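Colleague: To start, I am sharing the structure in question, which I have written as structure tokens.
Bear in mind that the values in this text are calculations on the coordinates, not laboratory data. Source: prediction; values computed, not measured. Glycine also receives a Cβ, built like all others from the backbone with ideal geometry; neighbour counts cover every protein chain displayed.
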Amino acid sequence: MPTTRRATGGARAQHGPGKGQSTLSFSNRVSKSVSRQDAKKPVVSPITEKDAEEDVPEVTKVEVEPEETLEVEQKETKEETEEEAVEEEQVPTKSEAELRAEKISDAQIAKYWKNVQAQSIAPQVHVEDVSLGEKILRHFDVSLHYGPCVGIQRQKRWERAEKLGLNPPIEVLAVLLKQESPGKQQAHMDELLNSTAVGA
Amino acid sequence: MVTLEEVAGLLKKPSDIEKTQVSRAPSSYKPLDSFFLKKDRSYKQQFADTYFLRLVTIKPAVEKIAAETWSGTVIGGETAKKVDRVLDIRQGELCWVSGTVYMDMPLKPNILEDVSKDRWISAPITTDRYYSEDGQDQVLLEDDSGRVRLVGNVLKSVHLVTGCIIAVMGTENINGEIEVIDIKFPDLAPQPQRWTLTKPPTISGGGGHAKGKTQAWDEDEEMMDSPSPLKGNKGNKIAIVSGLCFSGTDPSYALELDLLHEYLLGEALDQNTQREELAKISRLIIAGNSISTTSATDNRTQVGGQSNGQQKPPAPSTKKYGYDSSSYNPLPSQLLDEFLSELLPCMPVTLLPGAQDPANASYPQQPIHVAMFPRSRSWCAPPSLAGPGSKAEAGWLDNSTNPWEAEVDGWRFLGTGGQNVDDVFKYVESEDRLGMMEAMCRWRCIAPTAPDTLWSYPFQDNDPFVMKTTPHVYFIGCQPEFSTKVIHGPEGQVVRLVTVPSFAETKELVLIDTETLEVSRVKIATS
């Protein structure tokens, strides 16, 4: 008989008569390591590492459940691993650019900024109280070569430029990553154009 | 007592003549999800992103062709050289540059004009043509630095609309405009081989260019009962029809619709024709405007006016949002549903929404929801949790997006419901719709006028209207008449262009042969 597909939750969220039974944890079945911030699936997240350790001895104690549910869960974990595999593939490519960006030191960022400033004829004014990182980001915002800066977040704009093959400077991504999250993702121009005045 | 044999002619025993069952030819089909939009899409982006994406994607191709043609050209003692930005062209220097075209036409609907004249219109004005005869239209070239006006007689010899990417060679004149000497388009994109994504039905081994990935569902769909599919496939046909315009109020073409139904089912005509011709039709593509919007409100207000004895204008209070909801007529979609549900058991159907169909108003139109077809929905693909475009197989009834791209019997098909060509039609002077379709292929953009005059979604990550690959067949539905042409590209690409006429007007449908890609037209007439 083909495996039937149960509603979401499966063996995990059993109400009623099944409530008394402990749920099997499948977090230890997944052997690939997924970075914590990327595993945003409701199925896996409630199970913390602690629970996994506690459940391991229980798994061996619990009697063998009927085959159907096991098959269902295997199917679910297979789909989980597939989804995680997909996310895993995305995670390395994201972190490839991010890894390179994280290696950029502050000195390199300062050198990059010096080069940029050397290309302009006059020095910038009215930017005394803007940090170096923010200056670099604002320069990236107004570089029309990478597209308009309004209506798109800075990091997304950088990644889009990278995907289109425009070679955006890696130092900009380094600055973006060095900001504490969430950081200033909205372009300065965007903030000015879309500013809403809060009345008194 | 009378026995049965004595009474001849009343009841007969079933005859002993063998009747062979004719089965329909199989259709190998894989739709591409290029035009699906996410369900949770946001509209906060600016349209400038779409123009930027288009320019960045097509610019390398244009510049390559322009560099090949113009590098080393010497005109009047000056060598043409490339400049990076549109604003870098200097007076007296011969140079070439690429950018996006913008057409400034006074007849185009302009929101700034409306706001300044303080007119609030609920729907945009639909004029027939934006093209003005007296030369008031301006052609400008734009890129991320700015805009420059183009002048020159060369511009009149080519079709130009807002949104196409071109390269121009010229010099700046006194007025600050560019005098154009030559124009280059990106020309046709690379064309995939036949059978790139699906596998051909190979019984006589090694047929076709089977370099695609094998799909399990594809093998299931190929019925291995025909002995030599490649040789015998000479007759497989794909039927394309558009503008069925099922309507609850207009019966003038209802008879032809019924005859079309019988023709496609194979019930019309004699058995020989059935075997030879009708069973070869492997798929039906409905290219838009299946439901007509001639609403019953006009009838009602007329009736109301006459019964009162006076000509009263329609009461505005019953109309909200531009239509009278109390007169909603479910009949058109019911008729379409009946048509489809009787056709589907024997023939797969692809349904594209059109301008008048119940799908969203902006381009790309998303599929008509299956809830509109209660009887035919059992033939649709089951709703998959992963969303559209996942690896689930397409159902027998594929309600698809407009525009639509798929690989049918190995050939790459691209079809739209007609809104893009109708919009381009308004910009240019000619009536030649095939010429506009060819121009769109050479511009590598299916809907260049989106988002200027054609409502569209603000794309931010990639513009699906850019043709990264050229299809083998490009058809457009809901056109006034049938026409077809074959165009060739610089790298040997061959594209068959077809305009499919609206069935409600012309009672014609189009058949495309799957081996030779020849097109034939079938007219259903009742007199």
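Colleague: In segment A:151-169, which residues have a backbone nitrogen under 16 Å from the label point lying 7 Å from B:LYS38's Cα in the Cα-to-Cβ direction?
Modeller: Answer for segment A:151-169: A:151-161.
Colleague: Could you pull out every residue, at least 5 positions away or on a different chain, whose amide H is within less than 5 Å of the one on B:ARG412? Hs are placed 1.01 Å off N in the peptide plane, and Pro or chain starts have none.
Modeller: Those qualifying (amide H under 5 Å, at least 5 residues apart or on another chain) are B:HIS472, B:VAL473.
Colleague: Within segment B:48-184, count lysine pairs with alpha carbon atoms under 17 angstrom apart where the residues are 8 or more positions apart or belong to different chains.
Modeller: Lysine pairs, 8 or more places apart or on different chains, close enough: 10.
Colleague: Please give the FRET efficiency for B:GLN21 paired with B:TRP455, using the beta carbon to beta carbon distance and R0 = 41 Å, rounded to the nearest 0.05. Provide the component values of the computation, followed by the final result.
Modeller: Numbers: r = 48 Å, r/R0 = 1.18.
For R0 = 41 Å, the calculated efficiency reads 0.25.
Colleague: Quick one: what are the phi-derived ³J(HN,Hα) couplings along segment A:172-179, Karplus 6.51/-1.76/1.60 with θ = phi - 60°, whole Hz, x for glycine and proline?
Modeller: Values per residue, Gly and Pro as x: 5, 5, 4, 5, 5, 6, 6, 5 Hz.
Colleague: Follow-up question, since we're still on this one. According to the square roots a ≥ b ≥ c of the eigenvalues of the Cα gyration tensor, what is the shape class of segment B:48-184, taking rounded for a/c under 1.5, prolate for a/b larger than b/c otherwise, and oblate for the remainder?
Modeller: Values: a/c = 2.31, a/b = 1.86, b/c = 1.24.
Since a/c reaches 1.5 and a/b is larger than b/c, the shape of segment B:48-184 is classed as prolate.
Colleague: To the nearest 0.05, what FRET efficiency results for B:LEU10 and B:LEU269 with a Förster distance of 25 Å applied to their C-beta separation? All intermediate terms of the calculation are to be shown ahead of the outcome.
Modeller: Numbers: r = 30 Å, r/R0 = 1.19.
Taking R0 as 25 Å, the efficiency between B:LEU10 and B:LEU269 is 0.25.
Colleague: Let me ask something else about it. Just to check I understand the Karplus step: with θ = phi - 60° and J = 6.51 cos²θ - 1.76 cosθ + 1.60, what whole-Hz values come out for segment A:96-108, glycine and proline as x?
Modeller: 5, 5, 5, 4, 4, 5, 5, 6, 5, 8, 5, 5, 5
Colleague: Less than 14 Å Cβ to Cβ from B:LEU150, Lys/Arg counted +1 and Asp/Glu -1: what total charge do the surrounding residues give?
Modeller: Working: positive: B:ARG147, B:ARG149, B:LYS156, B:LYS184; negative: B:ASP104, B:ASP137, B:GLU142, B:ASP143, B:GLU172, B:GLU177, B:GLU179, B:ASP182.
Overall, the nearby charge balance is -4.
Colleague: A further question follows. Which residues' amide hydrogens lie under 5 Å from the amide hydrogen of B:CYS380, considering only partners 5 or more residues apart or on another chain, with H built in the peptide plane?
Modeller: Sorted by chain and number, the residues that satisfy this are B:LEU397.
Colleague: Can you give the local net charge around B:PRO106? Use residues other than it whose beta-carbon is closer than 11 angstrom to its beta-carbon, Lys and Arg +1, Asp and Glu -1. Each step should come with its number before you reach the end.
Modeller: Working: positive: B:LYS108; negative: B:ASP104, B:GLU113, B:ASP134, B:ASP137.
Result for the local shell: -3.
Colleague: Tell me, what is the FRET efficiency for A:SER195 and B:VAL154 to the nearest 0.05, using R0 = 45 angstrom and their Cβ-Cβ distance as r? Don't skip to the answer; put the middle values down first.
Modeller: Values: r = 46 Å, r/R0 = 1.02.
Efficiency for this residue pair is about 0.50.
Colleague: Arranged from highest to lowest average of other beta-carbon atoms within 10 Å per residue, in what order do the peptides B:394-400, B:374-380, B:74-80, A:160-166 appear? Mind showing how you got there, number by number?
Modeller: Values: B:394-400: 21.9, B:374-380: 16.9, B:74-80: 11.7, A:160-166: 15.1.
Taking the mean over residues of other Cβ atoms within 10 Å, the ranking is B:394-400, B:374-380, A:160-166, B:74-80.
Colleague: Which ³J(HN,Hα) values, rounded to whole Hz and listed in residue order, are derived for segment B:360-365 from phi using the Karplus coefficients 6.51, -1.76 and 1.60 in 6.51 cos²θ - 1.76 cosθ + 1.60 with θ = phi - 60°, glycine and proline given as x?
Modeller: 5, 7, 9, 7, x, 5
Colleague: Now for a different question. Where Lys and Arg each count +1 and Asp and Glu each count -1, what net charge lies around A:VAL150 among other residues with Cβ under 11 Å from its Cβ?
Modeller: Values: positive: A:ARG157, B:LYS44; negative: A:ASP141, A:ASP190, A:GLU191, B:ASP49.
Neighbourhood net charge equals -2.
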